[in-house]
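Note sheet for the following structure.
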Amino acid sequence: MEVCEHAVVHGSAAVAAAIDLYTRCSLRLLPLADDEAGAAVLELDLRDHGLTFSWPCARLHEALLTEEVAGAQEARPCSPDRMASIARLLEEHEIPEAKVWLSAGLSAFLFLYTSILGCRPGKVTVSSDLPMGSGLGSSAAFCVSMSGALLTAAGMVAAVGGISSKGTGWELVGKDDLELVNQWAFQGEKIIHGKPSGIDNTVSTFGSMIKFKKGELTNLKSRNPIKMLITDTRVGRNTKALVAGVFERASRHSDAMASVFHAVNSISEEVSSLVELAANDEIAITSKEEKLAELMEMNQGLLQCMGVSHSSIETVLRTTLKFNLVSKLTGAGGGGCVLTLIPTLLSNLVLEKVIAELESQSFRCFIVEVGGQGFQVCQGGCSCFNGDVV
Ligand SMILES: Nc1ncnc2c1ncn2[C@@H]1O[C@H](COP(=O)(O)OP(=O)(O)O)[C@@H](O)[C@H]1O
Ligand SMILES: C[C@@](O)(CCOP(=O)(O)O)CC(=O)O
Ligand SMILES: [Mg+2]
């Protein structure tokens, strides 16, 4: 869940939290013997889409690895030449017209795989609970789980044990290893977003709730549980295009937009202090929630100013306001998902009515508690999962 997105790309602070929706990536390295016979392949199985892509390793070698793999200890950006080679490799594939937006994810996959593991034969399977391209950071969750699985297979990242609430077999990863996963995921996110701030991959890697400003992360300890209703408008959109649109507006109206970004920064600072404030009785919790709702309302107004709202988002805002509930878009906007704060004292009956009214307009609703897990590993096949909302 993200508060104060977009301005974060321009240097303002933002707040983001992980939620309990996860992307899982599993990786099986295949025998190198096949490579010698020229039959070795790299396969990617996108479970949710029923699509499988495969590349002969010899073709990957020829197209991508003119230079040897430099090692995965340090994340490197994708050079323009390498990007052009990846684009050519993808052109050789028949991506269904209705799914062309997948090509950004496929490019990030090819970049991360070949940068970390070279052209070794392998089979990668990805599945996700997150709706794609709807503001919940699916691109970051994809890059984090992928980088984590690849780095684990490369022996660069290892589980340290510890208790995971995700269930048996899932293990935590140490801070330095998480840093490495995050750095590689950021390079992948750059391929999908163009100019990401890094907030999505960071919260997806580390989990919980964070304040993020100019690449610096501060962990926030939420003192009271925060529940949100997420409404997916089902209007598809693309983060890269929306971020580029805000840059264009900022270049046309630099003074006005600087003030907007400054206001967003102040809102993030207030939200950060507020969530860390312990509220022990009913009145204190109510007043904390009222302040949070007001800040969300102000943030939504500023996002409208940046030009990233959408008529579907406005419909959700109007519907929830009828029940005195405050909402804001999340992620890049332009459609996608809307967050509605669920106050502690809201009755289930009212919540059911709101959801019924939203779903009668073909929106899809789900309830989440803010503060999910970050990247974790399940050994015996490098399965990695993580969740994220912005
Ligand atoms: N599970 C996945 N498999 C393949 N590609 C993915 C997956 N999740 C995300 N992506 C890539 O990320 C893109 C969506 O990213 P983006 O526009 O940033 O939206 P968001 O991050 O809000 O979901 C998709 O179009 C796709 O290219
Ligand atoms: C708009 C932005 O702030 C968040 C984008 O998130 P998402 O891809 O819509 O989940 C961009 C960024 O911070 O990189
Ligand atoms: Mg994204």
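Just so you know, all these numbers are worked out from the coordinates, no wet-lab data involved. Computed from a predicted model, the values in this text were never measured in an experiment. Please note: Cβ atoms are built from the backbone with ideal geometry, for glycine as well, and neighbour counts cover all protein chains shown.
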Check: In this model, which of K227/K353; K211/K328; K99/K353; K99/K214; K99/K213; K190/K221 are farther than 23 Å apart at the alpha-carbon?
Finding: K99/K353; K99/K214; K99/K213; K190/K221
Next item on the list: Calculate how steeply helix 102-117 sits against the longest principal axis of the alpha-carbon atoms of the chain, using the helix alpha-carbon long axis, and give the answer as 0 to 90 degrees to the nearest 10.
Entry: 50 degrees
Margin query: Quick check on the exposure proxy: order C365, C25, C119 from fewest to most C-beta atoms within 10 angstrom.
Written below: C365, C119, C25
Margin query: For the chain, take the longest principal axis of its alpha carbons; what is the angle in degrees between that and the long axis of helix 348-360, to the nearest 10 within 0 to 90?
Written below: 60 degrees
Margin query: Give the aspartates and glutamates whose C-alpha is closer than 13 Å to that of K322, dropping any in the same chain fewer than 8 places away, or say none.
Written below: E314, E357
Item checked: Listed residues G50, G371, G307, most fluctuating in the chain (Gaussian network, C-alpha, under 10 Å) -> G50
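What is the sum of charges, Lys and Arg at +1 and Asp and Glu at -1, for the other residues whose Cβ falls under 15 Å from the Cβ of V157?
Value of the local net charge: -4.
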Note to self: Sort 107-117, 121-131, 332-342 by packing, meaning the average of other beta carbons within 10 Å per residue, with the highest value first.
What the structure shows: 332-342, 107-117, 121-131
Check: Under the Karplus relation 6.51 cos²θ - 1.76 cosθ + 1.60, θ = phi - 60°, what is the ordered set of whole-Hz ³J(HN,Hα) values for the stretch 312-322, x standing for Gly and Pro?
Finding: 5, 5, 4, 5, 5, 4, 5, 5, 6, 5, 4
